[in-house]
Amino acid sequence: MRVNKPPLALYIHFPWCEKKCPYCDFNSHVLDVGGSAKLDSELETLYVDQLLFDLDRDIEDFHLEAQISSVFMGGGTPSLVSPAGIARLLEGVDRRLPIASEAECTLEANPGSSDQIKFQGYRAAGVNRLSLGIQSFSDKKLQALGRLHSGAEAKDAIASARRAGFDNINLDLIHGLPNQNTDDALTDLACANSFNPEHLSWYQLTIEPNTVFFNRTPKLPSEPEIEDISAQGRTWLYDHGYEQYEVSAFSRGENHRSLHNLTYWHFGDYIGLGAGAHGKLTEHHPDFVITRTRKSRVPNDYLKAAKRIATPVEPAELKLEFLMNALRLNQGFLLSQFTERTGLASSALTDFLDAGLAQGLLIRDDQNVRPTPRGLELLDSLLLLV
Ligand SMILES: C[S@@+](CC[C@H](N)C(=O)[O-])C[C@H]1O[C@@H](n2cnc3c(N)ncnc32)[C@H](O)[C@@H]1O
Ligand code: SF4
């Protein structure tokens, strides 16, 4: 069977934060350099060197030669890194694997650790999309989340990003916050909308194991209250020109969808560099093999050796892995893409499609399969049919 090469995205993880938020289970570690929470230039230099070394090894071991279709620098707090560090990193990547001229290049920034000069520097370094971790504009809610920034600083950060020339901005907001009601959540959306962001990621707060909130959970809205916040919030966003294209992702029109995240949801390939970063890479010859990669999780271990654990995805897991990603999208997926990305014939989906259609959770035509609104809401049940 002939299969096309999927796009190749690049994820780069920066594992440090000034403070650990009580709800966060990402690979983020409190920075402590001689008692200071600032990333000093020595550590920054070592980390960027190690990221490029890590990339060299992935290129060699997986025979990578494609252009990079998107870059996402996430964390942790990438905005602790200086613009000069980001510029050296992106130049180093581009020398090894060319970054496509039209590539989306995103950097996640925390409101407290960024200013206009820094944002201008990131733009000059090649970053063309900023993702700001706003979470809420309410001081009370930000305190309840243990955040270091205030509502005023959140607004300042967005205005600074615009003044620095960014015309593609994502704002991360969380709903279902302690003691939040529907009005509070809609007030956050209205405040975000007043800055006209091109993209909004509107997450529901999840309580994850191994977090402070897991052991000491604050009083959260009840299930019906959260359903009301979600339903009214979605309607509000739709009425104000945002298109929901994924469970938590809303964009102003098709052109502002996150190309990088779409690569994950379309089961495309991505290199994962940095402490604890995950990657997914497909080799086409001599056999079709998909490998998941994970790098040393603890920053100091990564700095010492940047070890990689590589695990081939078993053919039996491919169907579920593909569907877990693709069915998060309102538009679902093309049957031809299922074959291209998994190496499996579309007939492998027949039983699943029959069951999903019979239960009203899927819609399909000759080429495309997508979840119904009910299917999207009941995604976990839908995936049990696989
Ligand atoms: C890992 S953070 C990195 C960005 C940045 N450090 C920040 O927090 O502003 C990416 C986003 O994930 C979301 N997030 C993290 N933990 C979450 C949780 N438990 N529930 C819902 N959203 C969460 C937040 O919106 C956050 O902006
Ligand atoms: S700033 Fe972001 S990455 Fe860091 S601990 Fe808080 S939520 Fe996690």
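Any read-out appearing in this document is the output of simple, stated calculations on the displayed coordinates, not a laboratory observation. All figures in this text were calculated on a predicted structure; none of them were measured in a lab. Backbone-built Cβ (ideal geometry, glycine too); neighbour counts: all protein chains shown.
Summary table below
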{"quantity": "Cβ-isolated cysteines (cut-off 4.7 Å), the chain", "calculated": "Cys17, Cys105, Cys191"}
{"quantity": "Neighbour-count order for Thr342, Thr291, fewest beta carbons within 10 angstrom listed first", "calculated": "Thr291, Thr342"}
{"quantity": "Difference of contour (0.36 nm per residue) and Cα-Cα distance, Glu102 to Ala358", "calculated": "88.0 nm"}
{"quantity": "Computed label-point distance, nm, for sites Arg297 and Asp139 using a 7 Å Cα→Cβ extension", "calculated": "3.8"}
{"quantity": "Gyration tensor verdict on segment 259-303 (Cα atoms; rounded if a/c is under 1.5, prolate if a/b is larger than b/c, oblate otherwise)", "calculated": "oblate"}
{"quantity": "Where labels lie 7 Å past Cα in the beta-carbon direction, separation of Glu377 and Glu225 in nm", "calculated": "2.1"}
{"quantity": "Selection from Ser201, Ser28, Leu362, by position along the positive dipole direction of the chain (Cβ)", "calculated": "Ser28"}
{"quantity": "Kyte-Doolittle at least -0.5, axis length at least 30 Å by Cα - qualifying DSSP helices, the chain", "calculated": "41-62"}
{"quantity": "Dimensionless Rg over Rh [segment 180-251; C-alpha; Kirkwood]", "calculated": "1.01"}
{"quantity": "Cross-link reach list, lysines versus Lys141, counting only Cα pairs under 23 Å and skipping chain neighbours closer than eight places", "calculated": "Lys19, Lys20, Lys155, Lys219"}
{"quantity": "Unit charges at the beta carbon, dipole of the chain: most positive-side option, Ala348, Phe267, Leu90", "calculated": "Leu90"}
{"quantity": "Theoretical gain in end-to-end length, Arg95 to Gln232 [0.36 nm per residue, Cα-Cα removed]", "calculated": "44.6 nm"}
{"quantity": "Values of log10 I(q)/I(0), in the order q = 0.11, 0.17 Å⁻¹, for segment 8-263 under a Debye, Cα-only, solvent-free model", "calculated": "-0.62, -1.39"}
{"quantity": "Stretch gain in nm, segment Glu243-Met324, where the contour uses 0.36 nm per residue and the Cα spacing is subtracted", "calculated": "27.0 nm"}
{"quantity": "By average C-beta atoms within 10 angstrom, highest first, the peptides 325-331, 95-101", "calculated": "325-331, 95-101"}
{"quantity": "Within the chain: Cβ-based charge dipole about Cα centre, in debye rounded to nearest 20 (Lys, Arg +1; Asp, Glu -1)", "calculated": "520"}
{"quantity": "Sum of -39500 (n - 2.57) over DSSP H runs of 4+, divided by residues of the chain (222 nm, nearest 500)", "calculated": "-11500 deg cm²/dmol"}
